[in-house]
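J.: Got a structure here, written out as structure tokens. Questions coming.
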Amino acid sequence: MLHHVELYVSDLNKSLMAWDWLLTELGYTVYQQWEEGRSYRFGDTYLVFVQTEADYLEPPYHRKKTGLNHLAFHAESIEQLVSFREELTQHGFTELYADRFPHAGGPSYTALYFEDPDRMKVELVATV
């Protein structure tokens with residue numbers, strides 16, 4: 001079982017504007033909070049967001065380099081995907097593969113794909 005994931009972000013305030021909305025909508029609650037970071041908990045698992053130190057901001061993150069490619073979360077339904085899709089950009093996310101929603105992952109795979117302010121890919125998957 002996964003214990004936690006820690007993500008370093010280039011602009012903590014901008015990232016939290018996006019992630020706070022997404023995670024609280026998915027049922028996560030704020031777990032820990034300090035000047036350089038915040039964590040969100042769901043059950044026994046939590047996600048941590050930490051401000052990257054200035055010396056390490058370059059080169060910027062890119063999901064196609066070695067390392068984390070994306071995080072995928074369960075969605076309750078396709079209706080929930082549609083609801084999230086309508087609000088993504090208001091919270092700092094950018095939708096990916098919009099022309100193929102909700103089956104960008106294939107005809108029998110229902111998901112919404114988007115990027116956070118650092119271009120970290122996020123996937124919401126609905127079981128239909």
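J.: Taking the Cα centre of each part, how many Å lie between the stretch 1-37 and the stretch 60-100?
T.: 15 Å
J.: If you don't mind, another one. For the stretch 3-71, take every pair of Cα atoms, bin their distances at 5 Å starting from 0, and report each bin as a whole percent.
T.: The calculated distribution, bin by bin, is 4, 15, 26, 26, 18, 9, 2.
J.: Next question. His103 accessible area, nearest 10 Å², 1.4 Å probe?
T.: Ignoring ligands and nucleic acids, His103 comes out at about 80 Å².
J.: Within the stretch 38-128, which chymotrypsin sites (Phe, Trp or Tyr not before Pro) sit in a loop by DSSP and count at most 16 neighbouring Cβ atoms inside 10 Å? Mind showing how you got there, number by number?
T.: Numbers: sites: Tyr40, Phe42, Tyr46, Phe49, Tyr56, Tyr61, Phe73, Phe84, Phe93, Tyr97, Tyr109, Tyr113, Phe114; in loops: Tyr61, Phe93, Tyr97, Tyr109.
Listed in order of number, the matching sites are Tyr97, Tyr109.
J.: In the stretch 25-125, which GluC sites (Glu not before Pro) are in a loop and have at most 13 other Cβ atoms within 10 Å, using DSSP for the loop call?
T.: On the way: sites: Glu25, Glu35, Glu36, Glu53, Glu76, Glu79, Glu86, Glu87, Glu95, Glu115, Glu123; in loops: Glu35, Glu36, Glu53, Glu76.
Sparse-neighbourhood loop GluC sites (Glu not before Pro): Glu35, Glu36, Glu53, Glu76.
J.: Please give me the summed charge of the neighbours of Val128: other residues whose Cβ is under 13 Å from its Cβ, Lys and Arg +1, Asp and Glu -1.
T.: On the way: positive: none; negative: Glu76, Glu79.
Around Val128, the surrounding residues sum to -2.
J.: Sticking with this one: Give the carbon-plus-sulfur fraction of the accessible surface of the chain in %, rounded to a whole number; probe 1.4 Å, heavy atoms of protein chains only.
T.: Details: 3860 of 7690 Å².
Roughly 50 percent, rounded to a whole number.
J.: Taking the C-alpha atoms of the chain, how large are the radius of gyration and the largest Cα-Cα span, Dmax, in Å?
T.: Spelled out, the Cα radius of gyration and Dmax of the chain are 14.6, 45 Å.
J.: Sticking with this one: Just flag the trypsin sites (Lys or Arg not before Pro) in the stretch 32-128 sitting in loop per DSSP whose Cβ has no more than 12 other Cβ atoms within 10 Å.
T.: Listed in order of number, the matching sites are Lys64, Lys65.
J.: Something else: Pairing the Cα long axis of helix 78-87 with the longest principal axis of the chain, what angle in degrees results, from 0 to 90 and rounded to the nearest 10?
T.: On a 0 to 90 degree scale, this one is about 50.
The values are calculated or read from the model by the stated rules, or taken from the named source; none is laboratory data. From a predicted model like this one, the values you see are computed outputs, not experimental measurements. In this analysis, Cβ positions are derived from the backbone assuming ideal geometry, glycine residues included, and neighbour counts consider all displayed protein chains. All accessible areas refer to the heavy atoms of the entire protein, side chains included, with ligands and DNA or RNA removed. Shrake-Rupley method; radii C 1.70, N 1.55, O 1.52, S 1.80 Å.
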